[in-house]
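Throughout, read-outs are computed from the coordinates displayed, never taken from laboratory work. No experiment lies behind these values; they were computed from the predicted model shown. Note that we place each Cβ from the backbone using ideal geometry, even for glycine, and neighbour counts take in every protein chain shown.
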Amino acid sequence: MLYKGNPVYIFDILEFTRDKIAFKEDAVFLIAVNDIDNTKILDCIRDILETKCNYIMTYGNTAEELHDAIDEIIIEQSLANPHLIDIVTVYFNEKILFDTLDFFMNYTYLKEDKHNYVIIADENHYNSIKEWLNNL
């Protein structure tokens, strides 16, 4: 799927693997989950940080906690990888999902450069997001 000429990917968090995001272009990420106690999510974050990621948005009941966990991982890894400090992180936990998606798709990456939109979602959000994307 393309949006404004840029690829859009959506992955179920349980099926996500690093090889699915081996991009040459920049990527912006939306992680929509309700439970951050899953080690799969933190492994996913570590994989994301190894890409050309420049923006991570979190959404869901635990968006703020996941955001804080991401910031901690960035700080830990920034000694070896100083460019990670430039990654913008933001959370949306009290917004309507579709408003969050609209913001993510239209205002997170304002450069004209080619980039990738990547959405990683849990079972609570995956189908709703996929349906919303199909209506773009």
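Details
- Pairs from Lys20/Lys114; Lys40/Lys114; Lys95/Lys130; Lys4/Lys111; Lys20/Lys95; Lys52/Lys114 whose Cα-Cα separation, in the structure shown, is over 22 Å: Lys40/Lys114; Lys20/Lys95
- Once the Cβ-Cβ distance of Ala80 and Arg46 is raised to the sixth power relative to R0 = 22 Å, the FRET efficiency obtained is 0.95.
- Cα-projected label distance for Lys111 with Phe23, points at 7 Å along beta-carbon direction, nm: 1.1
- Cα-projected label distance for Glu65 with Asn135, points at 7 Å along beta-carbon direction, nm: 3.1
- Projecting the Cα atoms of Leu66, Gln77, Asn134 onto the dipole axis of segment 2-134, where Lys and Arg carry +1 and Asp and Glu carry -1 at the beta carbon, places Asn134 farthest toward the positive end.
- The calculated 222 nm mean residue ellipticity attributable to helices in the chain amounts to -10500 deg cm²/dmol, summing -39500 (n - 2.57) over DSSP H runs of n ≥ 4 and dividing by all residues.
- For segment 18-91, the spread of Cα positions along each principal axis, largest first, Å: 31, 26, 20
- Relative contact order, whole percent, for segment 14-102 stands at 30, derived from Cα pairs under 8 Å and 6 or more residues apart.
- Alpha-carbon Debye profile of the chain, log10 I(q)/I(0) at 0.19, 0.20 Å⁻¹: -1.13, -1.27
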